[in-house]
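**Student:** Below is a structure I'd like to ask you about.
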Amino acid sequence: RNSAERLESAHAGTPAWHSTSHQALRLAMGAPSSTIPGRRVLLLCIDGCRSDAMALSGQALCKKFMAENGVFSFSCDAAPCLDSRSVSGPSWASILTGRRPAEHRVVSNEPKDDMDHVSAPSLCKLLAPSRSAVVLSTSWAGLEQILQPSEAQDAVHRFALDGKDVSKWKASTQEATEALKRILDGGAEAPSEADRAHGVEEPPATLVIGYYDIVDEVGHNYGFGPHIDAYADAVAFAAGECGQVLAAVEARVSSSGEEWLVGVISDHGGSVTAGVKCLCPKLFASFSTDRLTGEQVNYQGCHGIELLPSHRYVFGGFLHLGGAGRKRTREGLIAAAQCKKAVDYEGMTSLDVVPTILDFLGVERPSEGLPGRNLFAPVLET
C-alpha cells in the first residue's frame, strides 16, 4: 500500500481504450469527447477521510459545499454495490471510472495484480483529447495507474509521502497544494519555449485532479476516528489545503469568467484496529484473514469492513462556480440561476462522480451507459 515504486504498465491484452491513440479511444467509446468551451473541473480526492471527522475538523471546507449552487452528503456511500469494498483500489476505481468493481475489475490495493489491466476508462480517458492535470501527494502507485494519464498529453506532478514523520508528510502535501495553485493560475501549464517556437499553444487543462493521502497515512499509523488527535489534525490540515485550492479556483473564476465544477470526495473511512478486534472479534477475524493483507491488520487503524458505517460512508460534494445561468438542456447540464440552494443529497454514491462531471462538461456518456447519476439534475427539476 505504501510502496513508492511506480509500476510499469503491461500492454498485452489491454482493451482498445487503453491505447495511447486518442482517436482509437474515441472510436472505441463511440462518443465525441469535445467539451463545452469555458467549463473546467477540479476534483479534490482525500484518501481515508471519515465523514464525522470531516464534519468536526473540516467545517470551513464543508460549509463551502453547503452554500448556494452546491450538492453535498455526509453519508456518501463509498461501497454502493454488493461487490464493492471500502478499500482504496476498488473504491477509487469506481469513483474515477464511474463503474462497478465487476466492470473495472480492481479488487485490491495491489497495482501489480489489478491496475495494469483496469477494465474501464478513467476520467482522463473519457475526456481525451482534452487535457488533464494530476497532482499526487502519495507514495502509492495505484491512483495513477487507475487514472492512466497520457504521457504525451496530460501533466502529472508527484510528491511522495516517505517515512513516518508527519511533519514531512505535511510539507509534501503543501508542495502538492502549491503545484495545484500554480496550475490554476496558468503558470505550470503554459507551453514550453520550444513549443512556442514551433507554434504550439496547448490549451489549459479541462480536468484538474488533486489527491491527498496524508489522512489515510495518519489513520493507519494512529487510528481512524475524530477522537484520535493525530487523525483529527490530519483531516483539518487536508481540509485547509483543499480550501486554499478552492480559493484559487474562486479567484480564477472572478478574473476569467470561466465556469468551474469543484468536487471533493473520499474513498473510505476506518476505525481503530484494536476497537474492531474487541467489539467485533468474529467479523475482524474473517476480515483480517480473508480480505486484507497482514500489513494493514498490524497498523493502528484499519478499514475495509463495509458493514461498519465508519468504514463505508464519507463526505462528498460538488460546487458550481461562475456562469451567468444557462437554460437546462436535455442532457441535464448545470444551470447556475436555477440552483437556488445547496442540496443535502443523502443518496449520493461514489458512482455519481463521473456522470456529474461528464454532464457538466457536455461530454456524451459511454454508449453502454453509467450506473450513477448527475447529482445536479434533481436540483434543476425543482
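**Student:** I'm trying to understand the selection: among the residues of segment 347-361, which are of a type in the set (D, E, K, R) and closer than 17 Å to Pro37 by Cα?
**Tutor:** Asp359
**Student:** State all residues of segment 162-177 that are open to solvent by less than 80 Å² (accessible area, probe 1.4 Å) and under 19 Å from the mean Cα position of the chain (by Cα); if no residue qualifies, say none.
**Tutor:** Ser172, Thr173, Ala176, Thr177
**Student:** So Gln153 fits all but one of (1) open to solvent by less than 10 Å² (accessible area, probe 1.4 Å); (2) touching a His at 6+ places or on another chain (Cβ under 9 Å); what number is the exception?
**Tutor:** (1)
**Student:** Hey, any hits in segment 227-239 for a residue that's open to solvent by less than 40 Å² (accessible area, probe 1.4 Å), outside any helix (DSSP H, G or I), under 26 Å from Ser350 (Cβ atoms) and out of contact with any Asp or Glu (no Cβ under 7 Å at 6 or more places or on another chain)?
**Tutor:** yes
**Student:** Please go through segment 261-278 and pick out each residue that is modelled with pLDDT of 95 or more and not in a loop (DSSP other than H, G, I, E, B).
**Tutor:** Answer for segment 261-278, where residues must be modelled with pLDDT of 95 or more and not in a loop (DSSP other than H, G, I, E, B): Leu261, Val262, Gly263, Val264, Ile265.
**Student:** Same structure again: Looking only at segment 62-89, filter to residues that are among the hydrophobic types (A, V, I, L, M, F, W, C) and open to solvent by 10 Å² or more (accessible area, probe 1.4 Å); which one of those is modelled with the lowest pLDDT?
**Tutor:** Once the filter is applied, the top-ranked residue is Leu82.
**Student:** If the requirement is being within 21 Å of Arg85 (Cβ to Cβ), buried (at least 24 other Cβ atoms within 10 Å of the Cβ) and not β-branched (Val, Ile, Thr), which of these qualifies: Gly219, Gly275?
**Tutor:** After applying the criteria, what remains is Gly219.
**Student:** OK, next. Please work out if Arg100 is modelled with pLDDT of 85 or more, over 15 Å from the mean Cα position of the chain (by Cα) and closer than 25 Å to Cys302 by Cα.
**Tutor:** yes
**Student:** Oh, and also: Of the residues that sit in segment 284-318 and are among the hydroxyl-bearing types (Ser, Thr, Tyr) and modelled with pLDDT under 80, which one is surrounded by the fewest Cβ atoms within 10 Å (Cβ to Cβ)?
**Tutor:** So, considering only residues that are among the hydroxyl-bearing types (Ser, Thr, Tyr) and modelled with pLDDT under 80, the one surrounded by the fewest Cβ atoms within 10 Å (Cβ to Cβ) is Thr289.
The values are calculated or read from the model by the stated rules, or taken from the named source; none is laboratory data. Fair warning: this is a prediction, and the values are worked out from it, not measured in the lab. Quick reminder, even Gly has a Cβ in these numbers, built from the backbone with ideal geometry, and neighbours come from all protein chains shown. Protein only, heavy atoms only, side chains kept; ligands, DNA and RNA dropped before computing areas. Shrake-Rupley method; radii C 1.70, N 1.55, O 1.52, S 1.80 Å.
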